[in-house]
Structures are given as C-alpha cells and as structure tokens.
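Trainee: Take a look at the following structure, please.
The values are calculated or read from the model by the stated rules, or taken from the named source; none is laboratory data. Computed from a prediction, not measured in an experiment: that's the story for all the values here. Note that each Cβ is placed from the backbone with ideal geometry, even for glycine, and that neighbours are counted across all protein chains shown.
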Amino acid sequence: MKLITGAGGLIGSTLKGDIIINGRSDLDLRNTEETFKFFKEKSPDTVIHTAAKVGGLGANMAYMSDFYIDNVLINSNVLEASRRSGVKKLISLLSTCIFPDNVEYPLTEFKVQEGEPHDSYLDYAYAKRVLVVRCRAIFNQHGLRYQCVIPTNVYGPNDNFSLTDGHVLPSLIHKCYLAKRSNKDFVVWGTGKPLREFIYSKDVGRLVDSLLLCEHSFDSLILSNSVEMPISHVAEEISRCMGFKGSIVYDKSKPDGQHRKPTSNARLKKILPNFDFTPFEEGLSETVDWFIRNYESCRK
Ligand code: GFB
C-alpha cells in the first residue's frame, strides 16, 4: 500500500498511490496526534512524502517564520508516524535551496550541511534539512533506510501560478499571459541574470517511481539534468510559447535571490544511467498549454 502526501500538488499529482492525502482538508500533517492516528489506521508500507508549505522567492521572504514551523512539524510528524506504523520504504522530496550559499560548485549530496543556506530561504531550507537529519537518525537507531531526493527547480501543471508567491516559472507564465491579454510589457523581477536548473514535474514522478523499484540504499540523491539557464532565457521561452510579441522588461528594484545553484547528477546517473529527461521546451510548452486551459480553476 503506497501513501502519497501532497497528492494534489505539483509533484504529488504526477504520482499514483493507494492512499492519497491531497492537502490540509484531507489531513493536517502539522497535527501530530491526527497524523499518527491516520498512519496507524491506514498502515502503508511505502510513503512518498511531497507535502510542504512552499513558495517562490517572494513568499519565502514574506513568510519565513511560517515556512519554518509548518515544514518542521509536517516533516517530523510524517517521518515519525511512518516509523511507528511500520513503513518500510519512504522517499521525501527536498529542494536544492537546502544547500549552503557559500560552497564550491557543483552541489553534491555530501555538501548539504557545509554551511548556511542563502538568506532568502533560510528557514525553509533548515526545515527541509530536518528530513536529512531525521532519516540519518532513524537509520542509526532503527536500521530503516528512509531516503531523500533533492530535485532542482521543479515546474509543471498543477503548480501555484500566483503572481507574488509562486516560483519563477509559474509566476512568469501568469505574468506573460496577462501582458499578452492587456497589450502591456512583460515585467520580470531582477536582472534576468541568475541561473537555475529546471526539472519537469513529470520527470520527478518518473524518477521516484523508478527509484522505488531499484534496491539502491542511497540516503540522499540529487534529481537534476545539470543544465543551467538564465532567467532571461526562461522569460524569452515563455514569450515564445505564449505567442507574446511585446517587450520583456527587467524590474531591477526586485530581488535576484541566489545567483546560481548548479548541481552534479553523477550519483543519479550511476543509479539510473538510461533516464531520459524531457527537453525544457517540451515541458514548458505543455505547462503553458495546461495553464491556458485551466486558467479559471488553477491555483493563482
Ligand atoms: O523560483 P524562484 O522564486 O526561487 O526564482 P529560487 C527566483 C529567481 O527568479 C530570482 C527571478 O532570480 C528572481 O529574481 N524572478 C524573475 C522571479 N521574475 C520572477 C517572478 O515573477 N517570480 C519569482 N518568484 N521569481 C527556490 C525556493 O528558490 O528554490 C523554493 O524559493 C525552492 O522554495 C526552489 O526551494 C528550488 O530558485 O530562488
């Protein structure tokens, strides 16, 4: 019996499970008692833990304290409830923002605790690092190898397309859509120079499914195609997919955030050498089409 937390979200919606926790209305994972009770009753043997309070640069800076407390509670409860109810296999979804800001690139799985994360998501990053520490402690004390996967910037259908709180890609898709509709400039935060590595949500889902089937005993694993691109390229590609012919304007009064966080996917390649990543243009085009089709009902 496979349980998915956060099944209604960006990554969770790409996964299939027998027991589904879509969001807070199904079960508030911050509540220890209710979470323990739910896991005991359902008794899953496998858990994919994607649930988290998430947001882009804007949301992380505005709600730093909420991001910390909600995610620490969710992560502690899900791991302990899993252990107590006899879960054998557990994969948690993290994010490359957990890595130190000041560190030698590329990022590898060994560098998680080598320094402080970037200021703009300090609390979220520490709350996610809790998962790495808890998995290690559970292995040391109970011999259960619960695992962490660390995707780079994920994008795809079912994301939060909020103009202020979303991640860069969904926010910019929404902004470009509005700019086209009202014949205005497409305004992008910052200089457009920061670099990011993007991974399609469906690739993350396929990777997690493949990892469940193989017997590798990694503790943490970066999920990445190791292709960096500047935010300006993302904005241009979105304009192309959207058929936007107006001007792209960079608002330098808005933050750039961390300049880059390039990763090594050497460990992933060793474990799944034949995995084919979806080309960025293809994943982006599917995401833009999905957003246009679901404009009225999507999270924004
Ligand atoms: O996805 P994002 O918000 O977060 O991207 P991070 C921020 C980068 O995109 C900055 C630029 O360089 C911004 O200046 N940007 C341009 C925009 N326009 C926009 C816009 O309209 N909205 C947003 N949000 N950014 C994330 C964490 O960091 O890393 C997440 O916030 C997650 O929680 C992810 O962990 C992996 O890439 O900086």
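Trainee: Tell me yes or no: at least one residue of the range 173-195 is within 8 Å of the ligand (Cβ to nearest atom), without any contact (Cβ under 8 Å) to a residue 40 or more places away in the chain and buried (at least 20 other Cβ atoms within 10 Å of the Cβ).
Mentor: Looking for residues that are within 8 Å of the ligand (Cβ to nearest atom), without any contact (Cβ under 8 Å) to a residue 40 or more places away in the chain and buried (at least 20 other Cβ atoms within 10 Å of the Cβ), one finds at least one in the range 173-195, hence yes.
Trainee: Right, next: Identify all residues within the range 176-202 that are touching a strand residue (DSSP E or B) at 6+ places or on another chain (Cβ under 9 Å), in a helix (DSSP H, G or I) and not hydrophobic (A, V, I, L, M, F, W, C); write none if there are none.
Mentor: Answer for the range 176-202, where residues must be touching a strand residue (DSSP E or B) at 6+ places or on another chain (Cβ under 9 Å), in a helix (DSSP H, G or I) and not hydrophobic (A, V, I, L, M, F, W, C): 180, 201.
Trainee: Residues of the range 203-236 being surrounded by 19 or more Cβ atoms within 10 Å (Cβ to Cβ), outside any strand (DSSP E or B) and not hydroxyl-bearing (Ser, Thr, Tyr), which ones?
Mentor: Passing the criteria: 203, 204, 205, 207, 208, 211, 225, 231, 234, 235.
Trainee: Pick from 98, 138: which is aliphatic (A, V, I, L, M) and under 29 Å from residue 284 (Cβ atoms)?
Mentor: 98
Trainee: Among the candidates 166, 156, which residue alone is crowded, with 23+ Cβ neighbours inside 10 Å, within 15 Å of the chain's Cα centre (by Cα) and at pLDDT below 95?
Mentor: Going through 166, 156 in turn, just one is crowded, with 23+ Cβ neighbours inside 10 Å, within 15 Å of the chain's Cα centre (by Cα) and at pLDDT below 95: 166.
Trainee: Another question, then. Would you be able to tell me the number of residues in the range 196-213 that are closer than 22 Å to residue 263 by Cα, aliphatic (A, V, I, L, M) and more than 10 Å from the ligand (Cβ to nearest atom)?
Mentor: Looking only at that region, the number is 4.
Trainee: Scan the range 92-114 and give yes if some residue there is without any contact (Cβ under 8 Å) to a residue 60 or more places away in the chain, surrounded by fewer than 17 Cβ atoms within 10 Å (Cβ to Cβ), β-branched (Val, Ile, Thr) and farther than 19 Å from residue 263 by Cα, otherwise no.
Mentor: No, that holds for no residue.
Trainee: Quick one: would you say residue 232 is of a type in the set (S, T, N, Q) and out of contact with any Phe, Trp or Tyr (no Cβ under 8 Å at 6 or more places or on another chain)?
Mentor: Taking the combined requirement at face value, the residue does not satisfy it.
Trainee: Follow-up question, since we're still on this one. Please list, ordered by first then second residue, the pairs with beta carbon atoms under 6 Å, 6 or more apart or interchain, first in the range 153-166 and within 23 Å of residue 15 (Cα to Cα), second modelled with pLDDT of 95 or more and within 10 Å of the ligand (Cβ to nearest atom).
Mentor: 153/196; 153/198; 154/199; 155/169; 155/198; 159/170; 161/170; 161/174
Trainee: A further question follows. Hey, does the range 122-145 have a residue that's part of a loop (DSSP other than H, G, I, E, B), within 25 Å of residue 4 (Cα to Cα) and touching a residue at least 12 places away in the same chain (Cβ under 8 Å)?
Mentor: yes
Trainee: Would you point out the residue of the range 52-109, among those that are of a type in the set (S, T, N, Q) and assigned to a helix (DSSP H, G or I), that is farthest from the ligand (Cβ to nearest atom)?
Mentor: The residue in question is 82.
Trainee: Within the range 246-279, which residues are more than 12 Å from the ligand (Cβ to nearest atom) and without any contact (Cβ under 8 Å) to a residue 40 or more places away in the chain?
Mentor: Listed by number, the residues that qualify are 269, 270, 273, 274, 276, 279.
Trainee: Still on this structure, please answer the following. Run residue 10 past the list (1) in contact with a helix residue (DSSP H, G or I) (Cβ under 8 Å, 6 or more places away or on another chain); (2) part of a helix (DSSP H, G or I) and report the number of the one that doesn't hold.
Mentor: Unmet for residue 10, out of (1) in contact with a helix residue (DSSP H, G or I) (Cβ under 8 Å, 6 or more places away or on another chain); (2) part of a helix (DSSP H, G or I): (2).
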